[in-house]
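*Asks:* First the structure, which I've put down as structure tokens, then a few questions once you've had a look.
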Amino acid sequence: MDLLLILNAGAEHVLGREFFGSWTDWEKALPVVKGEVSPLDERDAWEWIRNPLPPGNEDALFATLRLQLGVDDQVFFTDEGFGSLGFLEKQALGQALAPKFLQEHNPVVRHTVLRRRQDT
């Protein structure tokens, strides 16, 4: 079993719904998490953001999207495809195209704690 699927087991708010998101595919997700790859366009950004949909308090973009789409803070994904988004939502997604935006706002880092022990 893929290690990212273990992180997501029983907790779809972590990496989203397994068969509908990109975060559970480590080969696709790792370059994004490392900041080596950014979304190509707003459609691509939406596919990364909508499943799981980040909490609104993480960034103004996510708060705006949740508000405009009427998605409650306790809901972690949306079935809205890019074509269903309005002009304002599509415009707002332009923020996610900034270099390293998804590196700073991704569910892998959001739900993983790196612990280090001092060498003795």
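*Asks:* Tell me which of these Leu4 doesn't satisfy, since it passes every other one: (1) exposed (fewer than 13 other Cβ atoms within 10 Å of the Cβ); (2) at pLDDT below 75; (3) part of a helix (DSSP H, G or I); (4) not β-branched (Val, Ile, Thr).
*Replies:* (1)
*Asks:* How many residues does the stretch 81-120 hold that are open to solvent by less than 70 Å² (accessible area, probe 1.4 Å) and either among the aliphatic types (A, V, I, L, M) or modelled with pLDDT of 85 or more (or both)?
*Replies:* Residues meeting the conditions: 18.
*Asks:* If you go through the stretch 44-100 one residue at a time, how many are among the hydroxyl-bearing types (Ser, Thr, Tyr) and farther than 19 Å from Thr24 by Cα?
*Replies:* 2
*Asks:* Let me ask another. Between Ala63, Ala45, which is among the small types (Gly, Ala, Ser), free of Cβ contacts under 8 Å to residues at least 24 places away in the same chain and part of a helix (DSSP H, G or I)?
*Replies:* None of the other options fit; the residue is Ala63.
The values are calculated or read from the model by the stated rules, or taken from the named source; none is laboratory data. Keep in mind that this is a model prediction, so the values were computed, not measured. All Cβ positions, glycine included, derive from the backbone under ideal geometry; neighbour counts span all protein chains shown. Note: areas computed on protein heavy atoms with side chains; ligands, DNA, RNA excluded. Shrake-Rupley method; radii C 1.70, N 1.55, O 1.52, S 1.80 Å.
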